[in-house]
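Only one structure is covered here, and it is reproduced in the block below.
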Amino acid sequence: MVNSPQPRRGFQTPPEVTGYFADKGLRPAFSWADVWGEEHAYAFTVAKATELELLTAFKTSIGKALTDGQGFETWRKGMIDELHRLGWGGPRTVTDPTGAWSPADVDFTDARRLRTIFWSNVNAARSAGQWERAQRTKAALPYALYVRTASTDPRKEHLGWVGIILPIDDPWWRTHWPPNGWGCKCSIRMITGRERDRLLAAEPKPGGITYRDTPPDDGPPKVFVNRRSGEISEIPAGIDPGWQTNPGLSRARTLVTRLSERLAEAGEDDARAAIGELWQTPMPRIVSGLPASERIQLPVAVAPEAAKALDASSHLVSVSRDTLAEKLGRHRDRPTEMATFAEVQELIDAGTLVDRGQPNRRSVVTEREDGWWNTAIARSAAGFMRIVSVHRVRAEQALKWMRKEADGRP
């Protein structure tokens, strides 16, 4: 029997966990419902923390707790000291900035309130980190197993999910990746295909776990009306409103979306730097491995000359999850394929823009030490530039395109 590894001195919290939390922006709010669903992936909030200084203190202290591996009691002691320093050492009345609701009394030093604030943020960050790691390792550990909660008072529906084994990209995990509610302590374990087969074939012991590869029918979803925004959502049975999203998947979507929006307005130098940093992270490979239903576009370069030629709405060039997945799937024995996309900016900068006579398309032809390359860019119906392909071409073909371009012939 293999013993469980003991904590090591100097153990570092996985960067996926701390990164998820650190990337969040501050969102002062009067109610927990002011920040809803996937917005939690990029917005840090604490109900009734409407002052920016107070909200900053909460985020800073929880971020430190995640980085240092602090438990609740250690964090609580330091947070109470900080609350007293800020003048929040006891009950105070908070006014709704929107004016929609009446003022409310709040005591941020209350142990129950602090426990909810701490564990909801810590568990969501750990969950997002686990999902991101699972995406990177799913070639070896492709299945997720729902593990029983450590709570002494578990929810009936959550117990009904124990033993479910599904592929990491199964749609069920979009809503049921724990935590699935306030105080939920359920978890996931990634397993191999061999372990999956063994567990599914095992005869359940009396009172033991029944392993299965189909989720139970929990009945129709609940209709929930957000009293703050009026938004109507369908929440799967057994999941608390607001917890019906997968933190890791939400982060992947929102991180790329927010970056693309910011880069579209940024100066060329700033955009280049941010894109270069993005392609040094695991995010491009994670995105390439997402299900085809995830329509994510990754920024890959800025191309002002191509934008002018194509009458594009932005100088930003992106590559879709589908294009990444197709290239990686076609050349799985070529580990440099992802690196090629990371070099698109270099290819565009050093290349020649040519018109090959295709509507709403241009090619950038580039000579490098390893040969000639064609970076094909298309303009979408909405006016955005997308990478269609990046591949080597024969020298004679590349030179032919360039001669035609010089002669003004498509």
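Go through the range 334-357 and give me each residue that's touching a residue at least 12 places away in the same chain (Cβ under 8 Å) and either assigned to a loop (DSSP other than H, G, I, E, B) or touching a Leu at 6+ places or on another chain (Cβ under 8 Å) (or both). Within the range 334-357, Met338, Phe341, Gly351, Asp355, Arg356, Gly357 qualify. For the range 53-105, residues that are over 25 Å from the mean Cα position of the chain (by Cα) and of a type in the set (A, V, I, L, M) total 8. So which residues in the range 191-209 are modelled with pLDDT of 95 or more, surrounded by 15 or more Cβ atoms within 10 Å (Cβ to Cβ) and out of contact with any strand residue (DSSP E or B) (no Cβ under 6 Å at 6 or more places or on another chain)? Of everything in the range 191-209, those that are modelled with pLDDT of 95 or more, surrounded by 15 or more Cβ atoms within 10 Å (Cβ to Cβ) and out of contact with any strand residue (DSSP E or B) (no Cβ under 6 Å at 6 or more places or on another chain) turn out to be Glu195, Leu199. The single condition among (1) touching a strand residue (DSSP E or B) at 6+ places or on another chain (Cβ under 8 Å); (2) closer than 17 Å to Gly242 by Cβ; (3) at pLDDT 90 or above that Gly37 does not satisfy is (3). Do we find that Tyr146 is within 22 Å of the chain's Cα centre (by Cα) and under 22 Å from Arg258 (Cα atoms) in this structure? Answer is no for this residue.
When the range 131-171 is filtered for residues that are among the aliphatic types (A, V, I, L, M), over 23 Å from Val287 (Cα atoms) and in a helix (DSSP H, G or I), only Leu159 remains.
Only one of the numbered conditions (1) farther than 15 Å from Val319 by Cα; (2) modelled with pLDDT of 95 or more; (3) among the polar types (S, T, N, Q) is violated by Thr336, and that is (2).
Among the residues of the range 239-286, the ones that are of a type in the set (A, V, I, L, M), within 30 Å of Leu159 (Cα to Cα) and at pLDDT 90 or above come to 1 in all. Do we have Arg174 as under 18 Å from the mean Cα position of the chain (by Cα), surrounded by fewer than 18 Cβ atoms within 10 Å (Cβ to Cβ), modelled with pLDDT under 95 and in a helix (DSSP H, G or I) here? Judged against the criteria, Arg174 is a match.
Restricting attention to the range 210-224, does a residue exist that is under 30 Å from Ile117 (Cβ atoms), in contact (Cβ under 8 Å) with a residue 40 or more places away in the chain, surrounded by 12 or more Cβ atoms within 10 Å (Cβ to Cβ) and not aliphatic (A, V, I, L, M)? Yes, the range 210-224 has at least one match. Looking at (1) modelled with pLDDT of 90 or more; (2) closer than 30 Å to Trp172 by Cα; (3) assigned to a loop (DSSP other than H, G, I, E, B), which one does Ala312 not meet, given that it meets all the others? It is condition (2) that Ala312 fails. Here is a list of conditions, (1) part of a helix (DSSP H, G or I); (2) without any contact (Cβ under 8 Å) to a residue 60 or more places away in the chain; (3) farther than 30 Å from Leu199 by Cα, and Trp119 meets all of them except one; can you say which number that is? Result: Trp119 fails condition (2) only. Filtering the range 292-300 for residues that are outside any helix (DSSP H, G or I), within 20 Å of Ile168 (Cβ to Cβ) and among the small types (Gly, Ala, Ser) leaves a non-empty set. Summed over the range 167-208, the residues that are aliphatic (A, V, I, L, M) and in contact with a helix residue (DSSP H, G or I) (Cβ under 9 Å, 6 or more places away or on another chain) give a count of 4.
Screening Arg253 against (1) part of a loop (DSSP other than H, G, I, E, B); (2) of a type outside the set (A, V, I, L, M); (3) crowded, with 18+ Cβ neighbours inside 10 Å leaves a single unmet condition, (1).
The values are calculated or read from the model by the stated rules, or taken from the named source; none is laboratory data. The model shown is predicted, which means the values in this text are computed figures rather than measured ones. When we count neighbours, we look across all protein chains shown, and the Cβ atoms used for this are built from the backbone with ideal geometry, even at glycine.
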